[in-house]
Amino acid sequence: MLFKSYELLEGSKTALRLNWGALIVFLLLLVAAWIVTDRLQMPIKHLAFTADSLLFFGGYLASAALHEGLHGAFFKLFAPERKLHSGVKNGFAHIISPGSRFSKSQFIWIAAAPFVLLTLLGAVIMAFTGVYFWLGLLLITHAASCVGDFYWIWRVGGAPKDVRVEATEQGIALYLPQEK
């Protein structure tokens, strides 16, 4: 039985709020990174402006593809027999497993995996290479781009324990078991 649905991809006010939220997260993380690098007197290793810019934008496109790929990998982990559908709608890249319903914890893993795994990967690369400038900016941009996933985690996290979650073309739908 459908309990609640949240639309994000159909020009909703929520999508606009999340875009503003992403900008705020980006600016806060940028300031935090500036404070940390200044306080720790970390040398900012960067290349020429053109190289930094190309690495950043290429890295952003790659991180967006990896991000959606990780969602897809976790959809497949929990529903291996189901097909995936991906696309871009109203500026939001998305991937779904149409008709698949996931437990609350499975869906939270699906939503959180790209942020957690790409942040860890970026931190390890920064630690071993010392490249903080464009890679740090890329991690900040990716984290800010994850606000939609954080929104889903918040919505699903607040749902009843036995809810089943389906990612739809417009957002998510939460289902409760049928009463017997």
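The values are calculated or read from the model by the stated rules, or taken from the named source; none is laboratory data. No experiment lies behind these values; they were computed from the predicted model shown. As a convention, Cβ positions derive from the backbone with ideal geometry for all residues, glycine included, and neighbour counts pool all protein chains shown. To get the accessible areas, we keep the full protein, side chains included, count just its heavy atoms, and leave off ligands, DNA and RNA. Shrake-Rupley method; radii C 1.70, N 1.55, O 1.52, S 1.80 Å.
Structure notes:
- Residues located in segment 122-156, provided they are under 23 Å from S105 (Cβ atoms) and either of a type in the set (A, V, I, L, M) or open to solvent by 40 Å² or more (accessible area, probe 1.4 Å) (or both): A143, V147, F150, I153, W154, R155, V156
- Residues that are in contact with an Asp or Glu (Cβ under 7 Å, 6 or more places away or on another chain), at pLDDT 85 or above and either closer than 30 Å to L174 by Cα or among the aliphatic types (A, V, I, L, M) (or both) do occur in segment 74-91.
- Selection within segment 157-168: residues that are touching a Ser or Thr at 6+ places or on another chain (Cβ under 9 Å) and open to solvent by less than 20 Å² (accessible area, probe 1.4 Å). The member of this set that is nearest to S97 (Cα to Cα) is A167.
- Long-range neighbours under 8 Å by Cβ, at least six apart or interchain, first residue within 13 Å of V36 (Cβ to Cβ) within segment 120-133, second of a type in the set (S, T, Y) and outside any helix (DSSP H, G or I): M126/Y132
- Checked against the criterion of being assigned to a helix (DSSP H, G or I) and closer than 18 Å to E169 by Cα, the candidates H94, H67 yield just one match: H67.
- If you go through segment 110-135 and keep only what is in a helix (DSSP H, G or I) and among the hydroxyl-bearing types (S, T, Y), you end up with T119, T129.
- Number of residues in segment 136-176 that are of a type outside the set (K, R), over 30 Å from S53 (Cα atoms) and assigned to a helix (DSSP H, G or I) equals 5.
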